[in-house]
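Structure first, then comments.
The values are calculated or read from the model by the stated rules, or taken from the named source; none is laboratory data. Remember, predicted model here, so these are calculated numbers, not experimental data. To get the accessible areas, we keep the full protein, side chains included, count just its heavy atoms, and leave off ligands, DNA and RNA. Shrake-Rupley method; radii C 1.70, N 1.55, O 1.52, S 1.80 Å.
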Amino acid sequence: MVHKHTVLAAGWLTCAVGAVFAMSGDARSAPQVREVSVRADQYAFAPSRIDVQKDEIVKVTFTAVDIPHSFTIDGYRISKRAAAGQTVTFEFRADRTGPFPFYCNLTKDDRCKQMHGELSVK
Ligand SMILES: [Cu+2]
């Protein structure tokens, strides 16, 4: 019984140490992660401008506050829809530079056409 516990503890310790090494390894080689929260409310995005560096992993938390909206960037072939009051998360690698317009492509409410923003990748 005592022996079994010792083996379990040693196994756990090996895992923990392994995880720490794996994490520090990732920190050196993995790309930077940029977390961005975007709210769509009353036919506008907030913020309407997102600045990132090239090759960053952009983690977007997108919330449609009042009615369904989408976060659409043609330049990155991204279109994510959120239902009213809901949040969707997604990520992509900003592997091309440029200003990329984003907008809401939902057609149910005509005023969604007013929704514009810009992603800047430098
Ligand atoms: Cu919309």
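Listed here are the pairs Lys54/Lys113; Lys59/Lys80; Lys80/Lys122; which of them are more than 18 Å apart at the Cα?
Lys54/Lys113; Lys80/Lys122
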* Amide H partners (placed H, <5 Å) of Leu106, local residues excluded -> Ser70
* **Sequence of Leu119, Leu106 from largest to smallest accessible area, 1.4 Å probe** => Leu106, Leu119
* In square angstrom, rounded to the nearest 10, how much accessible surface does Ser37 have for a 1.4 Å probe? -> 80 Å²
* Probe 1.4 Å - accessible area at Lys113, Å² to nearest ten -> 140 Å²
